[in-house]
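One structure is given here, and the rest of the page talks about it.
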Amino acid sequence: MSVDPTVPLRPQLHHVEEKLQDSLDEVCDAPPVGQVNTGELIKMEESLAIAVEAAKEAVSIRRRLREDVRRTDRSEEQHPEP
């Protein structure tokens, strides 16, 4: 999933954070690695890959949100309201 410029960032961030949390919960709730078969280990690998991508996306969105706040602050400093 990439950032959709037509959708506000906060809802996108919320969705990505939920996806990240769900993936992490799935892996954390799994039995110990030594007790799972290869198929279950592959599923854990896939869940971790999803978590990695969601974490990267969350970082990207958070950075954009932070930059938007900075841009707004700079604009207000340059054009203060009377």
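FYI, it's all coordinate maths here, none of it is from the lab. Because the structure is predicted, anything quoted here is derived from the model rather than measured. Counting neighbours? That spans all protein chains shown, and the Cβs are built from the backbone with ideal geometry, glycine included.
If you line up the long axis of helix 9-28 against the longest principal axis of the chain, both from Cα atoms, how many degrees apart are they, to the nearest 10?
Rounded to the nearest ten degrees, it is 20.
Using the number of other C-beta atoms within 10 angstrom as an exposure proxy, rank Val52, Val33 with the fewest first. Don't skip to the answer; put the middle values down first.
Details: Val52 12, Val33 9.
Final ranking by Cβ density, sparse to dense: Val33, Val52.
Among Ala58, Ile42, Ser23, whose Cα projects farthest towards the positive end of the dipole of the chain, with charges put on the beta-carbon of Lys, Arg (+1) and Asp, Glu (-1)?
Ala58
With axes computed from alpha carbons, what is the tilt in degrees of helix 38-78 against the longest principal axis of the chain, rounded to the nearest 10 within 0 to 90?
Once rounded, one gets 10 degrees.
In µm²/s, what is D for the chain at 37 °C and 0.692 mPa s, where D = kT/(6 pi eta Rh) by Stokes-Einstein and Rh is the Kirkwood radius from Cα pairs? Present the calculation step by step, with values, prior to reporting the outcome.
Details: Rh = 15.0 Å.
Roughly 218 µm²/s, to the nearest whole number.
Can you check what the net charge comes to around Glu46, using other residues whose Cβ is under 14 Å from the Cβ of Glu46 (Lys, Arg +1; Asp, Glu -1)? Let's see the in-between values first.
Details: positive: Lys19, Lys43; negative: Asp22, Glu26, Glu40, Glu45, Glu53.
That sum, taken over residues with Cβ under 14 Å, equals -3.
In percent, how large is the relative contact order of the chain, given Cα pairs closer than 8 Å and 6 or more residues apart?
Values: 41 pairs, mean separation 33.4, N = 82.
Taking the mean separation of contacting Cα pairs over the length of the chain, I get 41 percent.
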